[in-house]
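Structure first, then comments.
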Amino acid sequence: YESFNKDFYEEQPSVSSFDVPRPIKNFVDCGFHVPLMNAIAKQGYEKPTTIQCQALPIVLSVRDVIGIAKTGSGKTAAFVLPMIVHIMDQPELEKEEGPIGVVCAPTRKLAHQIYLEAKKFAKPYNLRFKELKAGCEIVIATPGRLIDLLKMKALKMFRATYLVLDEADRMFDLGFEPQIRSIVGQIRPDRQTLLFSATMPYKVECLARETLNDPIRVTVGQVGS
Ligand code: ADP
Ligand code: MG
């Protein structure tokens, strides 16, 4: 009984703001278009995970979000699906240059995993990733790689309006704080910013406070710092 109670408690999400869109129960509640719904079904995702139920409607309402949940809880789709919606909402998608969605991840391996997940959902829309010469809508990279691309002037950031800092605690552990701050400073302030992390150490909290605009915090499970 005790362990049931504990698990139940730990899975209860908490949201720390008023006027927050209600959590969804099914992907249908997100109002995704048919091609995206089909791609979700093709992935075998029957129901959104707890963090997805909470975070998807908030991200789709164009609010900044701090999402805290342990590894394996489905954080990637919580930012990738709304990113595709955000990109498809942009006018003259083919005409302009430079990424609209920018995702920072701590390692190349993680960036590649996010790319694989995003590619499946973006497939019906023919969105382009980091093919620099051909232009692209989405860039997923480590902070170091992004800084290199910016220094080489290989990336135009003027239409980047959806920034994701994934696994923020790990990026800090790896010493990427200066790079992250530099990247954030090069992306227009009217962007939507999402920060995902398994833990929220003080330094990550400070970055979130400085770079997110009136964020809504979604926490799933008990999180140490
Ligand atoms: P996190 O970023 O929180 O560590 P991931 O986004 O990598 O978690 O997801 C972990 C695994 O769960 C992945 O294999 C992913 O494809 C799968 N997954 C994510 N969302 C769902 C869902 N709604 N239904 C089933 N599987 C899912
Ligand atoms: Mg992840």
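The values are calculated or read from the model by the stated rules, or taken from the named source; none is laboratory data. Quick caveat: nothing in here was measured; it's all calculated off a predicted structure. Note that each Cβ is placed from the backbone with ideal geometry, even for glycine, and that neighbours are counted across all protein chains shown. Note: accessible area is taken over every heavy atom of the protein model, side chains too, but ligands, DNA and RNA are not part of it. Shrake-Rupley method; radii C 1.70, N 1.55, O 1.52, S 1.80 Å.
Label-point separation (nm) for Glu92 and Gln113, each offset 7 Å from Cα along Cα-to-Cβ? Here the answer is 3.9 nm between the modelled labels. Phi-derived couplings, Karplus 6.51 cos²θ - 1.76 cosθ + 1.60 at θ = phi - 60°, listed residue by residue for segment 66-76: 9, x, 10, 7, 5, 4, x, 8, x, 5, 4 Hz, with x used for Gly and Pro. In the structure shown, the pairs Lys47/Lys109; Lys47/Lys75; Lys75/Lys109 are assessed against 18 Å; a Cα-Cα span above that value is assigned to Lys47/Lys109. Of all beta bridges DSSP finds with both residues in the chain, what is the antiparallel percent, to the nearest 5? Just about 10 percent of them are antiparallel.
Computed over segment 55-204, relative contact order equals 32 percent, with contacts defined as Cα pairs under 8 Å that lie 6+ residues apart. Each Lys or Arg adds one and each Asp or Glu subtracts one; over the other residues with Cβ under 12 Å from the Cβ of Leu93, this totals -3. Counting 0.36 nm for each residue step from Met37 to Lys203 and taking away their Cα separation leaves a gain of 56.0 nm.
Using just the helices of the chain, give the 222 nm mean residue ellipticity in deg cm²/dmol: DSSP H runs with n ≥ 4 each add -39,500 (n - 2.57), and the total is spread over all residues, rounded to 500.
Calculated at 222 nm, the ellipticity per residue is -12500 deg cm²/dmol.
Counted by Cβ distance under 9 Å from Leu110, the other residues give a net charge of +1, where Lys and Arg count +1 and Asp and Glu count -1. Quick one: with all protein chains in place, what share of the accessible area of segment 135-225 is carbon or sulfur, to the nearest percent (1.4 Å probe)? Heavy-atom surface of segment 135-225 belonging to carbon and sulfur, 1.4 Å probe: 51 percent.
Per atom type, segment 17-133 shows carbon and sulfur on 52% of its accessible surface, probed at 1.4 Å. Accessible surface computed residue by residue for the chain, with neighbouring protein chains in place and a 1.4 Å probe, gives 52 Å² per residue.
Remark: for residue pairs Lys25/Lys123; Lys25/Lys70; Lys70/Lys95; Lys70/Lys119, the C-alpha separation exceeds 32 Å in Lys70/Lys95. Only protein heavy atoms count here; under a 1.4 Å probe, Met152 has an accessible surface of about 120 Å².
Test of understanding: in a Gaussian network model of the chain with alpha carbons linked when under 10 Å, which of Gly31, Gly44, Gly98 would top the mean-square fluctuation ranking? Checking each option, the largest mean-square fluctuation is seen for Gly44. A full extension of the chain between Thr71 and Asp19 corresponds to an added length of 15.9 nm, given 0.36 nm per residue minus the alpha carbon distance.
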